[in-house]
Structure formats: C-alpha cells, structure tokens
Amino acid sequence: MSGKWSEGIEPRGFRWIITERFGVCERPGGYGAGHRRVRRLEEIIWLRRNEISLIISLTAIPYNLRDYHEQGLAYVHLPLSGAGDSRRLGEILRTVHENVASERVVLHHDSIGDRLSGVVAGYLLWSGLVDSGPEAITIAEQLLERELGPTARELVAMAGELRSS
C-alpha cells in the first residue's frame, strides 16, 4: 500500500482553465518564506502522476527547474517580470497554444497573482476562445476566484493587440 507522499499533493491554487488541457497553479512548494522542499516534491509528483506534459514557469528566477528535470517533466522557463514585455507575452501565449491541443500544460508563477491571471485572461482573448477583453477578464476572475488588477488588465490589453497584429 502506498502512502499519500507517493501519490503527491495537488499544487496550491491549481485550477483547470481548459479542462484536462490547460491548468495553472502557484509555484510548486510555495514561494518566499513559505516555500517547502518536501511540499515542492510532493506537488511535482502530483503533476507527473496526473500526466502533465509541460510546465511553463513564469518566475523571474529559474526555481524548481532542476527538480522538474529530475522528475522527468518537460518545462519551459519564460520569465515574466512585468506587463511591459509584449514580445515575451507573445512567446508565452504561443507556447501555451502550440501545446494545449495535444498536451496537458500547467502554467505557474510564484503565486496566483496579477501576472499569472493576466496571462490566463490574455490567452482566452488571444486564442479566440472569447471575443473581448472584458469577457476574458470576467471569465478569468471566475475561474481563478480573484479580481484582476491593473497589471493583469494591461496584459489582457497587450494580448488583444498581439491578436490583431
């Protein structure tokens, strides 16, 4: 009989944005003073056992990448430090889109904050899953159970501009 540790634990804040295809969570193990190595490994085990094919990390520092590699998880590190980098946002949106049709993709930042929320809403708009920025914001707020702030809204606007170009 295997224990809870062998099954892993669901990452904090985990949500499916597109059921069984595109999910988000906070950085496995937590962030800052609350980060725990054992929790990080348990959450990575959960991701692997749930057949997550690709982890996209938006963290500024390449946290956890060695652990993803050691656990056999594919990953991409695309740091998103602010809302002003449309080239990086475009790269993130394309990476999600290129993989979500055939893979299970999880996107994470340190926490479920404005940057991650903005990318989620931006993806909904940029990919054509919704027609307008306000609709993308409303859906992302419902899915993530948090209000999107100015940084998130700026990312959505940038995604809308990338969509039309």
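Of the residues in region 127-135, at least one is without any contact (Cβ under 8 Å) to a residue 24 or more places away in the chain and surrounded by 18 or more Cβ atoms within 10 Å (Cβ to Cβ). Of the set (1) farther than 14 Å from residue 24 by Cα; (2) part of a helix (DSSP H, G or I), all apply to residue 102 but (2).
Exactly one residue out of 10, 26 is open to solvent by less than 40 Å² (accessible area, probe 1.4 Å) and either closer than 21 Å to residue 126 by Cβ or in contact (Cβ under 8 Å) with a residue 12 or more places away in the chain (or both): that is 26. For residue 156, the conditions (1) within 18 Å of residue 97 (Cα to Cα); (2) open to solvent by 20 Å² or more (accessible area, probe 1.4 Å); (3) assigned to a helix (DSSP H, G or I) all hold with the exception of (2).
Being within 21 Å of residue 53 (Cα to Cα), free of Cβ contacts under 8 Å to residues at least 24 places away in the same chain and among the aromatic types (Phe, Trp, Tyr) is a condition met by at least one residue of region 73-80. Among the residues of region 128-153, those that are part of a loop (DSSP other than H, G, I, E, B) and either within 19 Å of the chain's Cα centre (by Cα) or among the aliphatic types (A, V, I, L, M) (or both) comprise 128, 129, 130, 145, 146, 147, 148, 149. In region 50-75, which residue that is of a type in the set (Ser, Thr, Tyr) and open to solvent by 10 Å² or more (accessible area, probe 1.4 Å) is modelled with the lowest pLDDT? Out of the qualifying residues, it is 63. Screening residue 67 with (1) in a loop (DSSP other than H, G, I, E, B); (2) over 17 Å from residue 114 (Cα atoms) gives one miss only, at (1).
Could you say whether any residue in region 114-122 is touching a strand residue (DSSP E or B) at 6+ places or on another chain (Cβ under 9 Å), under 20 Å from residue 20 (Cα atoms), open to solvent by less than 50 Å² (accessible area, probe 1.4 Å) and without any contact (Cβ under 8 Å) to a residue 60 or more places away in the chain? I'd like the intermediate steps shown before the answer.
We begin by selecting, within region 114-122, every residue touching a strand residue (DSSP E or B) at 6+ places or on another chain (Cβ under 9 Å); these are 115-117, 119-120.
After this cut, where a residue has to be under 20 Å from residue 20 (Cα atoms) as well, the list is 116-117, 119-120.
Narrowing the set further to residues that are open to solvent by less than 50 Å² (accessible area, probe 1.4 Å) leaves 116-117, 119-120.
Next, from what is left, pick out any that are without any contact (Cβ under 8 Å) to a residue 60 or more places away in the chain: 117.
Yes.
Any residue that is outside any helix (DSSP H, G or I), at negative phi and surrounded by fewer than 18 Cβ atoms within 10 Å (Cβ to Cβ) - is there at least one of those in region 42-49? Scanning region 42-49, I find no residue that is outside any helix (DSSP H, G or I), at negative phi and surrounded by fewer than 18 Cβ atoms within 10 Å (Cβ to Cβ), so the answer is no. Residues that are open to solvent by 50 Å² or more (accessible area, probe 1.4 Å), within 19 Å of residue 151 (Cα to Cα) and in contact (Cβ under 8 Å) with a residue 24 or more places away in the chain: does region 86-93 have at least one? Taking every residue of region 86-93 in turn, at least one turns out to be open to solvent by 50 Å² or more (accessible area, probe 1.4 Å), within 19 Å of residue 151 (Cα to Cα) and in contact (Cβ under 8 Å) with a residue 24 or more places away in the chain.
The values are calculated or read from the model by the stated rules, or taken from the named source; none is laboratory data. Note that this is a predicted model, so its numbers are computed, not measured. Counting neighbours? That spans all protein chains shown, and the Cβs are built from the backbone with ideal geometry, glycine included. Each accessible area value is taken on the protein alone, full model and side chains, heavy atoms only, with ligands, DNA and RNA left out. Shrake-Rupley method; radii C 1.70, N 1.55, O 1.52, S 1.80 Å.
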